[in-house]
Amino acid sequence: MATGAQAWTEQSVEAAGVSLQMVKGGSGAPLLILHGELGHQGWLRCHDALAQDYTLHMPSHPGFGATERQEWIMNMRDLAGWYLEAIDDLGLHGANLMGFSLGGWLAAEMAAMSPDTFNRLVLVGPAGIRPPEGEIYDMFLAVAKEFLTAGFYDTASTPEFLGVCPDDVSPEQAEAWEIAREEACRLSWRPYMHYPGLPNLLHRLKRLPTQIIWGREDEIVPVSAAQVFNDSIPGSGLTIFDNCGHNPHIEKTDRFVATVREFLTS
Amino acid sequence: MFIGYFTERPYQDPKSGYFGATGKSIMDLNVSNEIYDAQLGSDLYNRYLDEKIYAEEMGFDGLMLNEHHSTPFCMGGAMNVEASILARITQRAKIVLLGNIIPIWDDPLWLVEQLAMIDMISRGRLVSGWVRGTGRESVAHNVEPHYNWERFKEAHELIVKAWTTPGPFRWEGKHYHFRHVNPWVRPYQKPHPPIWLPGVVSRDSLMWAAEERIPYLMLATEMEPTRQAFQLYHDRAAELGYESGPQNIGYLWKVHVDETEELAEQTGRKYVQGPSNPFLAGNEGTTNQALLQLPGLTSRRRVLPTRDVATAARGGSAGPGGVLSRPYEQQIADYTIISGTPKTVIPKIRHVLETIRPGSIFFWDGDGAMTHDDAMRSLRLMGQEVLPAVREIADELELPGPFEVDPATGKPYVAQVNGPADIPAEAVVADD
């Protein structure tokens, strides 16, 4: 991954009994970033921009990347519960929380369990709610590259696309995707990528300022779910990007960074 | 020697576009059932049952069934239904299920009851095999592929306990939870119907079979890797302190017998002219890569020698696209298809038996685009000429089957009854 102006490190930190692989960079208030179903995507342009004002904490969840799988974690609520202890151990109380796709679902579960733990919440194309129109893309009936490609509205106009989905996939990357897919499978097989109780549980986030960001052309989690999130979280903001798929942070980086900055400082 | 008969019961529809010498390749999970012809389906189900009855008449020891889901290559989506019918309409042959896909069912107790009823109605002729299933099965019944192996082992333990331990008892496992296990029907055979395990790819499964002293069957694999994989079983048995033998291993492969060499050649080619079937080399269809990479279904590292030469469509590593990867001629040359008159077929079967030394064999016939007449001609010739000759060869090569020598003890049965002669005392008491 290309390294921008902001320095970042990758190391293993102990949290809640697990050696957690953690990318950390930037300076300022803490921003905990939870990756999606294919794992940590690397230090991207959006990270570089946000790192100017925030200290980014980007762990690889248990079962992803170099963080060991925890056999007892069998669903998203287990993982969310574990993460809350990890946050205790990492001293990240009061952090801003941002989650992408499966990581957005995770962030929503964590916030619903413990809204006072976080300062502000950003959900980017989160899974977790069954869309009233359309269906969440079945990632297990596609190979990783197909799935990644389906997550963009226009790959040709997205220079960073080849960074996250190279034409020639290294064996290490292929292995990392397989590992990620297996853990994603463990977390989301059925009900597929959602938890029926989540819309009701999200009502508790009335105390937590929340921003929802979605690509209008999202083919992974259809945009109809955005409205359910918005309706379920009293006072939440919803911003939908036109001509944008499931990865607004990569496909519309400038607008994404501006939206997040504005929300976090409002 | 135990000799069984098998066909995968393909849905043969000449107007489907994927049938015959010019038929299109199928990609797994990509054929809609909207083309299903009810009359044709009904005729085929009855045809395949008729052939099983005739196979028994012709002297086969076992009538083998299998199960797959959401696919035209195997119509046995509910194999236990076919087995139930055979239990009543056949008299002597074992009904060999290879097998029930135990990890995909959330309620293994339903299997406990179904299988015990089949054993009852057949008066103890059930051989109850288990399989783990392919990705197709996990998707079709939406069961976690990553827990396939855990669920397999837990379901096996639960089913055996429900068959052998008087109820009611409670089962609180990781994947299965039952508060009142007390199925009224209990198996006819004691302590329970024999359990066999077929496979191709997973080393875990083969090792587990060796550890449980369960016979393991290789399905249509090439001979040398099959021999190597069986050696793993025998080595594991030796490590565990028992001597495994032919009674512990079985082999299924394609054998067709016909009246003339010309007819045998013409009919043998029909193996690769039915609807694509990932298990029928030469017509595996187009690989659905995503299905093969279903997360966690099979260990990506602990695989068998047979996997290296299995086609990609079957979960193996060989074969680029999985389409027509092993031509008919090559399969004839390496004996994975044997098709000919009794005179030419018998010495070839002998060669396979000498190489692999199985105690059970299954002739896979009447498949692909073969017609009912094709199947019946072959069954007749098998009964008249091939089976008697193969039994003599097996005796000469000392290849006892699992009903002659107990796979669990390595000892000959005292009397050939429907199961081990040494019935555990507690099982007898429990049944009274």
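The values are calculated or read from the model by the stated rules, or taken from the named source; none is laboratory data. Just so you know, these numbers come straight off a predicted model, no measurement behind them. Every residue, glycine as well, gets a Cβ built from its backbone with ideal geometry; the counts of neighbours run over all protein chains shown.
Remarks
- Residue among A:187, A:205 that alone is more than 14 Å from chain B (Cβ to nearest Cβ) and among the hydrophobic types (A, V, I, L, M, F, W, C): A:205
- In region B:359-397, the qualifying residues are those that are of a type in the set (A, V, I, L, M) and within 29 Å of residue B:14 (Cβ to Cβ), and the one that is surrounded by the fewest Cβ atoms within 10 Å (Cβ to Cβ) is B:376.
- For region A:110-140, a residue qualifies if it is among the aromatic types (Phe, Trp, Tyr) and either within 15 Å of residue A:191 (Cα to Cα) or within 14 Å of chain B (Cβ to nearest Cβ) (or both), and the qualifying residues are A:137, A:140.
- The sole residue among A:188, A:232 that is under 19 Å from residue A:98 (Cβ atoms), among the hydroxyl-bearing types (Ser, Thr, Tyr) and touching a residue at least 40 places away in the same chain (Cβ under 8 Å) is A:232.
- Selected residue (criterion: surrounded by the fewest Cβ atoms within 10 Å (Cβ to Cβ)) from residues of region B:306-354 that are under 16 Å from residue B:278 (Cα atoms) and modelled with pLDDT of 70 or more: B:327
- Checking residue A:132 against (1) of a type outside the set (D, E, K, R); (2) on the phi < 0 side of the Ramachandran plot; (3) surrounded by 14 or more Cβ atoms within 10 Å (Cβ to Cβ), the condition it does not meet: (3)
- Of all residues in region A:141-167, those that are within 13 Å of chain B (Cβ to nearest Cβ) have Cβ atoms under 8 Å from Cβ atoms of residues that are of a type in the set (D, E, K, R), 6 or more apart or on another chain, in A:144/A:178; A:144/A:181; A:150/A:219.
- Some residue of region B:64-85 being in contact with a strand residue (DSSP E or B) (Cβ under 7 Å, 6 or more places away or on another chain), more than 27 Å from residue B:154 (Cβ to Cβ) and touching a residue at least 24 places away in the same chain (Cβ under 8 Å): no
Residue-wise test of (1) within 17 Å of residue B:201 (Cβ to Cβ); (2) more than 14 Å from chain A (Cβ to nearest Cβ); (3) surrounded by fewer than 24 Cβ atoms within 10 Å (Cβ to Cβ); (4) touching a Leu at 6+ places or on another chain (Cβ under 9 Å).
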residue	(1), (2), (3), (4)
B:255	no, yes, no, no
B:271	no, yes, no, yes
B:274	no, yes, no, yes
B:280	yes, yes, no, no
B:295	yes, no, yes, no
B:304	yes, yes, no, yes
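- Checking each residue in region B:113-161 for being in a loop (DSSP other than H, G, I, E, B), crowded, with 24+ Cβ neighbours inside 10 Å and within 13 Å of chain A (Cβ to nearest Cβ) picks out no residue at all.
- Sole residue being under 20 Å from residue A:173 (Cα atoms), in contact (Cβ under 8 Å) with a residue 12 or more places away in the chain and surrounded by 15 or more Cβ atoms within 10 Å (Cβ to Cβ), chosen from A:20, A:50, A:31, A:56: A:20
- Any strands (runs of 3 or more DSSP E) falling wholly within region B:165-217 and containing at least 1 residues that are closer than 15 Å to residue B:127 by Cβ and touching a helix residue (DSSP H, G or I) at 6+ places or on another chain (Cβ under 9 Å): B:197-199
- Filter result for residue B:413 (modelled with pLDDT under 95, over 20 Å from the mean Cα position of the chain (by Cα) and more than 30 Å from residue B:211 (Cβ to Cβ)): no
- When A:198, A:205 are checked against the criterion of being touching a residue at least 12 places away in the same chain (Cβ under 8 Å) and touching a helix residue (DSSP H, G or I) at 6+ places or on another chain (Cβ under 6 Å), a single residue qualifies: A:205.
- Residue match in region A:190-198 (condition: away from chain B (no Cβ under 14 Å), within 20 Å of residue A:46 (Cβ to Cβ) and either at pLDDT 95 or above or not in a loop (DSSP other than H, G, I, E, B) (or both)): no
- Matching option when the condition is in a helix (DSSP H, G or I), under 25 Å from residue B:284 (Cα atoms) and not aliphatic (A, V, I, L, M), among B:374, B:367: B:374
- Residue check, residue A:68 part of a loop (DSSP other than H, G, I, E, B), in contact with an Asp or Glu (Cβ under 9 Å, 6 or more places away or on another chain) and closer than 30 Å to residue A:192 by Cα: no
- The residue that is farthest from residue A:223 (Cα to Cα), among those in region A:168-178 that are surrounded by fewer than 20 Cβ atoms within 10 Å (Cβ to Cβ) and within 14 Å of chain B (Cβ to nearest Cβ), is A:171.
- Selected residue (criterion: surrounded by the most Cβ atoms within 10 Å (Cβ to Cβ)) from residues of region B:1-55 that are acidic (Asp, Glu) and touching a Phe, Trp or Tyr at 6+ places or on another chain (Cβ under 7 Å): B:8
- None of B:243, B:239 is at pLDDT below 95 and charged (D, E, K, R) except B:243.
- Qualifying residue in region A:254-266 (condition: part of a loop (DSSP other than H, G, I, E, B) and crowded, with 18+ Cβ neighbours inside 10 Å): no
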